[in-house]
Amino acid sequence: MSTYGKGLLQGLAVTWRNLTRRSVTAHYPDVEPDLPPRSRGVIALQEENCTSCMLCARECPSWCITIDSHKETIPATTEGGRDRSQNVLDTFDIDYSLCMYCSICIEVCPFDALHWSPEFAYAEGDILDLTHDMNRLREWMWTVPAPQALDAGAEPSKELAAYEAKKAQEDAG
Amino acid sequence: MPEVVDAMLRCLVVVAAFMVLPLVIGQMEHKAMAHMQSRVGPMEAGGFHGWAQLVADGVKFIQKESITPAAADRKVFELAPAVALVPYLVALLAIPLGPFFGQGNLIGQDLDLGLFFVLAAMSVGVLGTLMGGLGSGNKYSYIGGMRVAAQLMSYELPMVLAAASVAMAAGTLSLVGIVQQWEPWWLLTQLPGLVVFFVAGLAELQRPPFDAPLADAELVMGPLTEYGGMRFAMFLLAEYAGILVLSALTTVLFLGGWAGPFSDHVGWLWTLVKVMGVAFLVIWARVAYPRLREDQVNALAWKVLVPVALAQVTLTTVLVVA
């Protein structure tokens, strides 16, 4: 039995199946999307952690981070102690019109000052407004979710293993 | 005086149907096509599932500038949308909707030559696209126009033959007469004719999968390339009015028009339901099938539809005479 005309029927069948099923459209403005963990929406800055080490600005492939800082001297707290100096941020701008969301800045930061937030709705009418200054970047911190829990049966993190080994040693010793 | 009022009323009803039903079909196309492609289609305009999308489109089209290209044949170019649209309105005048709550038949004008009249009007509608293609002064439009001409030549014959088969079986050219003569077993004996008529009608309207003249990917909408604003909207409306006329004609000729339970009262509803069903098939064919190549279009007409239509006519002749 040849299958002459089978394709014609298949065309009708496929479209009919789609018609009778629910569409896959995401109704975004009406329904907030269900984002996967570790979604890259916007970069948040924990200003207090930043030491102005410039690693992020230097590693950024699209040169979208601008950092400016000055040194402040913290007077010695004890008599005869040494004054300490600390870097204080003046400027920390991320230009999201340049950012390519590669996450290198976040991975390179040694002090956990940068974090991904899943917030994505920060479109602007003017491209200049896409440059977020450090106050705005600090505000995004409130939207940073807790780290994703490990999958069931996953290897525990190396940090945790190291911590437990150290603790066991201390208890024994 | 009452005759004048009666005529005015009928014209008003026909014009109202002409304004509303194509939009209903257009909206159905938006939504049905979207869902067949796992989308949702318009959702915003008008609030409820985008019911006012076509109204919004119309408002947009009105605001647009009407441009006539310098190279265009001005009069032909400007007249073409009207030539495409008006014949369908004229054709609609002669198509019966059926008994209206025992008040007689709902029809613009019952013509003795109704079938002939409607088929003639439908063919004139295609000339509008042809004029647009030849008058635009654009190569794409010109090729599109040539394809329209080829398609018109090929598909007019099987369409008329299929219609003639029904007219022979009914023994009349009046559309009301044909429906009155219609019997359910015609669904079987006239089935090849039904298929030929429907397919040829699709081709005549240049609906996908027979939209080689428009072929937006290769000919940039062919005859419609240079049109914009209100003129383009008229072509669009003509397309949907064409679907309406084709569906109505298929219903009246092959599906028994208003035949159905309680047809003395709600016959017109039966006709509308059937028309919408056929219109749905037109939309379904658009979504399900890819566009035929130009040579395939003509091969289908001459190698398949014409022989089938001739066989149908022969079969009908035998049945009528026997």
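Any read-out appearing in this document is the output of simple, stated calculations on the displayed coordinates, not a laboratory observation. These figures come from a predicted structure and were not determined experimentally. Cβ sites come from the backbone with ideal geometry, for glycine too, and all protein chains shown count toward neighbours.
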| task | Compare B:LEU89, B:LEU205, B:LEU300 in a GNM of chain B, Cα atoms joined below 10 Å, and give the one with the largest fluctuation. | result | B:LEU300
| message | At a 10 Å Cβ-Cβ cut-off, how would you order A:THR66, A:THR78, fewest neighbours first? | response | A:THR78, A:THR66
| query | From the Cα gyration tensor of segment B:40-158, with a ≥ b ≥ c the square roots of its eigenvalues, which class applies: rounded if a/c is under 1.5, or else prolate if a/b is larger than b/c, or else oblate? | reply | oblate
| Per the helix-only calculation at 222 nm, which mean residue ellipticity applies to chain B, given -39500 (n - 2.57) for every DSSP H run of n ≥ 4 and division by its residues, nearest 500 deg cm²/dmol? | -23000 deg cm²/dmol
| Given a cut-off of under 8 Å on Cα pairs at least six residues apart, what relative contact order in percent is computed for chain B? | 24
| Rounded Å value of the spacing that divides the Cα centres of segment B:45-82 and segment B:113-186 | 25
| field | Charged-residue dipole, Cβ positions (Lys, Arg, Asp, Glu), segment B:223-322 about Cα centre, Debye nearest 20 | value | 160
| remark: For segment A:55-132 the trypsin sites (Lys or Arg not before Pro) that pass both the DSSP coil test and the at-most-13 other-Cβ-within-10 Å test are A:ARG82
| message | For segment B:135-228, which chymotrypsin sites (Phe, Trp or Tyr not before Pro) pass both filters: DSSP loop (anything but H, G, I, E, B) and at most 14 other C-beta atoms within 10 Å? | response | B:TRP185
| message | Can you compute 3J(HN,Hα) from phi for each residue in segment B:251-260, using the Karplus curve 6.51 cos²θ - 1.76 cosθ + 1.60 with θ = phi - 60°, rounded to whole Hz and x for Gly and Pro? | response | 4, 5, 7, 10, 9, x, x, 8, 4, x
| said: I need to check one value: relative contact order of segment B:1-158, counting alpha carbon pairs closer than 8 Å and at least 6 residues apart, in percent. | reply: 19
| request: Could you list, in their original order, any pairs among B:LYS31/B:LYS303; A:LYS6/B:LYS31; B:LYS31/B:LYS60 whose Cα atoms are separated by more than 24 Å? | output: B:LYS31/B:LYS303; A:LYS6/B:LYS31
| message | Based only on other Cβ atoms within 10 Å, what is the fewest-to-most ordering of B:ILE143, A:ILE43? | response | B:ILE143, A:ILE43
| request: Assign one of three labels to segment B:103-172, namely rounded, prolate or oblate, based on the Cα gyration tensor with a ≥ b ≥ c the square roots of its eigenvalues; rounded applies when a/c is under 1.5, prolate when it is not and a/b is larger than b/c, and oblate otherwise. | output: oblate
| query | With the contact rule set at Cα under 8 Å and sequence spacing of 6 or more, what percent relative contact order holds for chain A? | reply | 25
| How well do other chains shield peptide A:6-12, expressed as the mean number of their Cβ atoms within 10 Å of each residue Cβ? | 3
| message | With unit charges on the beta carbons (Lys and Arg positive, Asp and Glu negative) and the dipole taken about the Cα centre of the protein assembly as shown, which residue among B:VAL199, A:THR66, A:TRP16 sits farthest to the positive side? | response | B:VAL199
| query | With the Cα gyration tensor of segment A:53-173 giving a ≥ b ≥ c as the square roots of its eigenvalues, does the rule (a/c under 1.5 for rounded; else a/b larger than b/c for prolate; else oblate) give rounded, prolate or oblate? | reply | oblate
| What is the sum of charges around A:ILE104, taking Lys and Arg as +1, Asp and Glu as -1, for the other residues whose C-beta is under 13 Å from the C-beta of A:ILE104? | 0
| remark: Of all stretches in chain B that avoid GluC sites (Glu not before Pro) placed in a DSSP loop and having at most 15 other Cβ atoms within 10 Å, the longest is B:66-217
| task | Can you put A:MET100, A:MET141 in order of Cβ neighbours within 10 angstrom, beginning with the fewest? | result | A:MET100, A:MET141
| remark: Asserting the computed 222 nm helical MRE of chain A (DSSP H runs at least 4 long, -39500 (n - 2.57) per run, divided by residue count, to nearest 500) equals -8000 deg cm²/dmol
